[in-house]
Each structure stands twice: as C-alpha cells, then as structure tokens.
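No value in this document is a laboratory result; all are computed from the given coordinates. Remember, it's a predicted structure, so these values are computed and weren't measured experimentally. Cβ placement follows ideal geometry from the backbone for every residue including glycine, while neighbour counts extend to all protein chains displayed.
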C-alpha cells in the first residue's frame, strides 16, 4: 500500500481507504470511500503509577547520552508537545536535535500519538522510516544519534542507580529496572496525552466550522488524506511543500540530514539539496518529496506546519492547498487547485480549529536530581 | 632474570611445547646453549616508530591526524576530542585516577598516555585493540568515552572543506572516509615517539646520560627489584597480563556516577549474569577471553614518559611513584580476584616482598623520573570549521530526482 504518486489521487486514495478498513477494524467508511472522520475511540487508560514513571523519564535528561536533553526538549508540553520557539524566543521551523547536530525537520506533536499506533501499515516519522509500534519508536528515538544518542544498556544502569526509578520499577513491575520497563512506562505516559474536549468531538461545532466540515469532506477533499478519527491516512504524499533551505544553509542540519540518509542507504547522499522524504524508505524515485500525512488534531497548538515548518499559520496552509499545493516539484501530481473563495477558506480554518482542545493536553514538569547517589552497602548487595 | 615459579596458568600448552622444543635444540646447538632462553628482553633504545604496511607515516597524514585528534567533530555531541582525555598538558593522558569520560558519564579506567604507543601491539588496559588504527574508533565510539556514531562523524568531516581537500590529497578519495580518519590519527600518534630520553642516550653509549642515583635505580630495576621481569624491552613492557592485587578503586562504591559506569561495562562486555551481579572489581582480560584464569589481569604498562602520567595503575589507584614502589616492595596487594572471594586466586606469583630500603626505593624513583625525558608539549591546532556546501554545479534538484526517476522507469520498462 505504499506505492503512490504516479496514479491519480482518487484511485490511490480509494485503495488506501480499503487498506485502512482492513487494518483498523471498526472504523466506518464513508460514502467517499475514505475512513470516516469522527471522535477518537476510547482507549484503555494506562495505570497511573506507570504513566507517572513515564512522565519522569520524559523529563529526564539522563535519558540522553550526554545528559543534555530530554524528550521534552523537542516535544515541549508547554508548546503542544512540539518545539515552536527556541531558547531565545525565536520561532523555530525546524527542531533541535542532539547536541552537535541540528534536526532537519519539524518536531511533530505527541498528543494523540497513541492513536497512530492503530495504523499497522504506517511507517512513523515524517519519512515513515520507523516501525508502527510506539515502544519501538521510543527505542529508536532514544538510541538514534541525532536524537538522544543513548546506549540502552547505559539507560538500564542509570535507572538502576536512581532510587526513585528503583521504587517505581518495583511498584509497577515487581522487578529491577531495565530500559525495556522504561520504554513501557513512556508508552503509558504517551497514552495519557489524548485530546479530551475538542469542539469536534463534543458536537459543538460553530456554524462556520460546520460549513468548513462540508468543504473538508467535499469540495476541498482534505479527507482524501486526512481521514479517520486520527485525521491521517498514514501514507506518504507529495504536496510540493517548498524546501526549507535552512537545512542546507545550516551546516549542522546538513550534517544531520546527510548522516540520516547515508544511514538509510540513500544513494549519492552528498548531492541532495532537497529532503528525499519517503524515498528514504522505498528507494523509489517517485517518492522523493513525499511525507506521511500528519494528524490534524490539536493543530492550533502545534504550529508551524508541514514536515519542515515552512507554513506558519492555518490560514497559510489552507491558502497553500487552495492553490493546488506547491510547485517545487514538477513531478508531484497529487493536488489540483481548489478554487475556494476567502469565505470558504475561513470556514475550513474554523473547522481545523474545532479539532483542537481549548487548552492543549499538557504535563507537569518533573524535577530530576542531577547527581547519582551511591548505593548503600554496595559491596554487600548484588549489582 | 629467571622466572622463579613458572605459573601453569601463564603458559598455554602450545607455549610449553614450543619451549620444550627450543630447549632441546639449545642443548644441541653450541651457540644457543649459551643463551638464557628465559632471559627478559633487555632495556633498549627505542627504534624508529614502526607503521603498518597499509598506513605508512607521512608528514601530511600526521598533520591531518593532529587536527582530527583535537577536533570534537569526532565524538557524539562534538563537545570533546581525543585530546580531552589524552591532554598534552596532562602527559597526553588524564590526571584524574579515573578518566573524565563522555559528558554525563565518567570512564572507569585511567587514561593512558599516547606517547610512545607506536610501539605497542596491545592498546587499552585490557589489550583489546591491537593497533592504533583499531584503538581510535573504539575510544571515539564507546558510550562513556566518545559516544560517536560513524555516519555522523563522517558527515561532519564531509561538511568541512579543509578535510575534503586534505583527505583528497592524502587518501585520494572524493570525500573523506571515516576509516581514513583513524589512519591519520594513528599516524599522528606514531609521531609522538620519544627516542632521545636519557635512557636512550645511556643505552646508546652516553654514560653521562643518567645520574649516579638513577644508575643505582637501574641496577635495582634489573636486579633485586626485578621490575624487568615484566617491564622490559625498549618500551619497558612485556605486553602480557597480570593480576598484581591492585586494590579496587573506591570511586565505584562512593560515587553513584562511577557505579553506573562500572555496571554498564560489565553489562556491555557480556559477562555472565552471575558475575555481573557478584563482581565489584574490574575483571580486565577476562572480558576479552572469558577465561577464569584471566580475571583481574591487566596489560603491563609501559614505563616511558612516566613522570608526566600520574596517577598510576589501571584505575589510577596510586598517585605517586613512591606509592607504586611501596606497593611492589610489599609484594603487591590483594583484590577480590586474588583473595578467594569468588574462588579465584589469580595473583601473579612473580610478586614477592622486595625488602627495599628507603635509599633503594628513592633511587628507583629517580631512575623512572630521569628516563621520562622531556615533556612533549604542543601548540594546539585550530580546528577547521564547517561550511555551507555549495550545490552540485549544473544539477538542479528537480533534475536529480528526474535522473533517478528516468533511470528507474527505464529499468522497470525493460523488465
């Protein structure tokens, strides 16, 4: 189901829709052939003590190799679990990364990410290079050089040295700490980051938003990719978003970019001055510039937009699609101009806003001690 | 010096057979029979630094290696270089008992000097790298050392026009390859050889090169104190492994960060869980061989450049040469791998109380200090900066994709 692009969008979307019905039983298919947009299905609530353990790890810089960054560094709870402004308060289109590198993409939100795990056929990350299993993705992010550059065995030993984790592991798992238990706890924490009171879910759409929904599912055809309760088909598409040239004008971002595509076997890693996107996975040149459809939930809280943060506001995004997407890539054929007038564009924006909670789900920062205490009677106890 | 009690552990069967064979030959051969086959290689001047056939020493390569040695691009978060744990101002080592390690961590062994490593066939205290070319990437990639990753380190070199130019000139590659970086670093390290110490001059015939006290020390070194049993040859090491009963460093029980690293090492080196749980000391060579007789053994340290490389032993257990000599004078010490705690009694039988008097100890110290020679200092090189990479001339990015796509479509059409 990962083959796209060359065929007409309707056909491809139809195929995808069918695939998702197979992949996610229980999601209704609407007349258009796409999985129906609707409220997020209820999920099992994670054990509170386990989520608390995950929350502590989420804010713990010791989860990174050099103890400089935590998950929250790029997925800041105060910024919709993304990173929108830097330390100096300047807007950031592209994320930070592990010290000594900078990232070449926009950090996606973690709110509702647990729903993404329902898409078994979906690759994770903007380019789909990770497997669709939250635990695996967490491991990837912790160990990936650009992200946290952490040795999992070292994470294991660091947790074992912190009495708070030792207690948490006893309480939740009745056993000694391990990095695997840490990952399970992080999954539990992410399970708590779910939209609760978006107007769309409460049936409280304004009149303008209701008209926007009609456009979303009709004339604007957003639903061809942003469908299902998560508002994503989990598939790669090329919408012609312009390159963010900062990736190539900032040597540290270029280093990170080249290291990643080299690591994934992209040929001629040195010549590319554009983000190859899903090509990284498929090695099919038709996929150059394709990126996995992001969710639209909580979109108000997660600006800027697109894989490289090139669009700042929802108005800009709607304008971009109205124009038929970007034209950076002459081979991208998925989008057509939409001929939406100003009123209609505003209605679409109103609908997009209705997918966001008035206040984004957040999490209280956990204070972490910087020093490791010695273990009492170390010589007498087993390691 | 004869080995007084040959330990059955020291000789493998093959060695014993070989020795038996040569002994028989020696009995028959009139010349060989006059040679003491158990003799320790004598102290000798350092020869010119050897280099592998595939990595000959050139000035250009050494200069490049020097830049790389001090360039933090070669580690995980680009905050430290080889030169941070092998600091020219700290004897090309690190003067804490246990090396500083990667940020957020601490190492677990003493950082050894780079000076004169050209002559060694076993690098690290555990001897687990057999060449400088092999040693560098292990150090730069270990989680408590450099924590670097190949693709990132290589991408950083390729983002640096100075390196692109130099690698092209020296290695003939279009773009820098990481493997060549280790070759260059190894070459630079080979140039840190010190062949004009008082010892070298003395052994070359300059009888004034060593003081009278140092000469007394030398005599003890080769005689009563029997240091030469292990510290022999031009490098003053036999590059074999011994458990001297050096005590466990206190850091592992007293500092939480050190405890983390200690356990991590045992975990990462793949010891059986039982030993991971029970052992509280560095099992040394055992991590490489997994042979119980190797537990707690470390490779004999070279003694050149010693005055600049305190503290001493694999975890810097001794701050001064006086302490070291006191330790040997008492016949070494005990640790959990020698005292039967785990059913192991691996202490080398070579060590015996030496009954040295204060004057003798002092002359040994003087000998070791004098043979250390002059300190090798260096003006730190400037590290070449990253630069924005120009676009490929004549290749638009749409075209890059199109070329790939057309190639792809042509191929699928043929199938």
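Miscellaneous remarks
- Rounded to the nearest 500, the 222 nm mean residue ellipticity of the protein assembly as shown from helices alone is -10500 deg cm²/dmol, with -39,500 (n - 2.57) taken per DSSP H run of at least 4 residues.
- Ratio of Rg to Rh over segment B:92-184 (Cα coordinates, Kirkwood Rh, two decimals): 1.02
- DSSP bridge pairs, chain A: antiparallel proportion in percent, nearest 5: 90 percent
- In terms of its alpha-carbon gyration tensor, segment A:177-292 comes out oblate; a/c meets the 1.5 threshold, while b/c is at least as large as a/b.
- Segment B:196-370, relative contact order in percent, only Cα pairs under 8 angstrom and at least six apart counted: 31 percent
- For q = 0.09, 0.10 Å⁻¹, Debye-computed log10 I/I(0) when each Cα of the protein assembly as shown counts as one equal scatterer: -0.93, -1.07
- Under the simplified labelling scheme, the residue A:245-residue A:315 pair shows an inter-label distance of 2.6 nm, with each label point 7 Å from Cα along Cα→Cβ.
- Take every Cα pair under 8 Å whose residues are at least 6 apart in sequence, average their separation, divide by the length of chain A, and the relative contact order is 24 percent.
- When DSSP beta bridges are restricted to pairs lying wholly in the protein assembly as shown, around 80% turn out antiparallel.
- Annotation: the residues B:377, A:139, sorted from fewest to most other C-beta atoms within 10 Å of their own C-beta, follow the order B:377, A:139.
- Taken along the Cα-to-beta-carbon direction at a fixed 7 Å, the label points for residue B:334 and residue A:121 span 7.0 nm.
- Neighbour counting of Cβ atoms within 10 Å sorts the residues A:130, A:53, fewest neighbours leading, into A:130, A:53.
- Estimated Rh, segment B:196-370: Kirkwood, alpha-carbon pairs, angstrom: 17.5 Å
- As a calculated quantity, the FRET efficiency between residue A:362 and residue A:133 at R0 = 22 Å, using C-beta atoms, amounts to about 0.30.
- 0 to 90° range, to nearest 10: angle between helix B:212-222 axis and chain B longest Cα axis: 90 degrees
- Modelled label reach - residue A:87, point 7 Å along Cα→Cβ, segment A:51-75 residues with backbone N closer than 11 Å: A:69
- Put in order of Cβ neighbour count within 10 Å, fewest first, the listed residues A:230, B:287 become B:287, A:230.
- The distance between label points at residue B:79 and residue B:320 comes to 3.5 nm (points 7 Å beyond Cα on the Cα→Cβ vector).
- Within segment B:165-179: backbone nitrogen closer than 16 Å to the residue B:54 label point (7 Å, Cα to C-beta): B:171-173, B:177-179
- Per-residue shielding of A:55-65, expressed as the average number of other chain Cβ atoms within 10 Å of the residue Cβ, stands at 2.
- In degrees, nearest ten, helix A:163-173 long axis to first principal axis of chain A (Cα): 70 degrees
- Under the criterion of Cα pairs below 8 Å and six or more residues apart, the relative contact order for chain B equals 21 percent.
- Rounded tilt (10° steps) of B:161-171 against the dominant C-alpha axis of chain B: 60 degrees
- The Kirkwood hydrodynamic radius of chain B, based on inverse pair distances between different Cα atoms, is 23.9 Å.
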